[in-house]
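The values are calculated or read from the model by the stated rules, or taken from the named source; none is laboratory data. Being a predicted model, the structure only gives us computed values, none of them experimental. Quick reminder, even Gly has a Cβ in these numbers, built from the backbone with ideal geometry, and neighbours come from all protein chains shown.
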Amino acid sequence: FIKKSNYDVIIICAGKNNLEFCQKNYKEAYKINFLGIKKILKKAIFQKIFIIFISSNLVFNGNKKFYKVTDKPSPKSNYGKLKLKIENYLKKSKKDKYCILRLTKVYSLNEGFLKKWKIKKKLNESITLDNNFKISPISINIVLRFIYKIIIKKLHGIFHVGDKREFTLGEFFIK
């Protein structure tokens, strides 16, 4: 936890990001994704630490392809609702000492869902992909470069980071 004011920047990427968990266990998700993060934010705000909050494009309902920062959020999922709740808390609490980074699906070539897909493919196991579900995936390397830029330039406000294209899961798997 933040004990001394030795920090210039804090990146908050904590929380429970399993959508199904958040839908089925709202009270626990609320404790983790709102109350827990709010507690960290309060200390960072008090100590005047620049905050980078990792949010999600799930603060929107998904009814259109690409959202702008100026579009009004309207989350469907509990996960998106809790992200938005933290965003609103941060906006009310800080004037210009924060950055909200709304990410789309973040991937790493050797971790997470891509790693699982590669293993299944190698073992000739079937992979079930919902081709009605579209993603605008972004590499973790691009996200890290953007965060670095935010820190160096002390950019504040809300930013959306994702690919400029949308893919079904099947299209992305082939890519």
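Scanning the stretch 155-169 for residues that are part of a strand (DSSP E or B) and within 15 Å of Val106 (Cβ to Cβ) returns Phe159, His160, Val161, Phe167. Residues in the stretch 100-147 that are at pLDDT below 80, out of contact with any Lys or Arg (no Cβ under 7 Å at 6 or more places or on another chain) and assigned to a loop (DSSP other than H, G, I, E, B): Leu109, Asn110, Glu111, Thr128, Leu129, Asp130, Asn131, Asn132, Phe133. Entry remark, the stretch 53-89: residues being among the hydroxyl-bearing types (Ser, Thr, Tyr) and over 14 Å from Gly157 (Cα atoms) number 5 in total.
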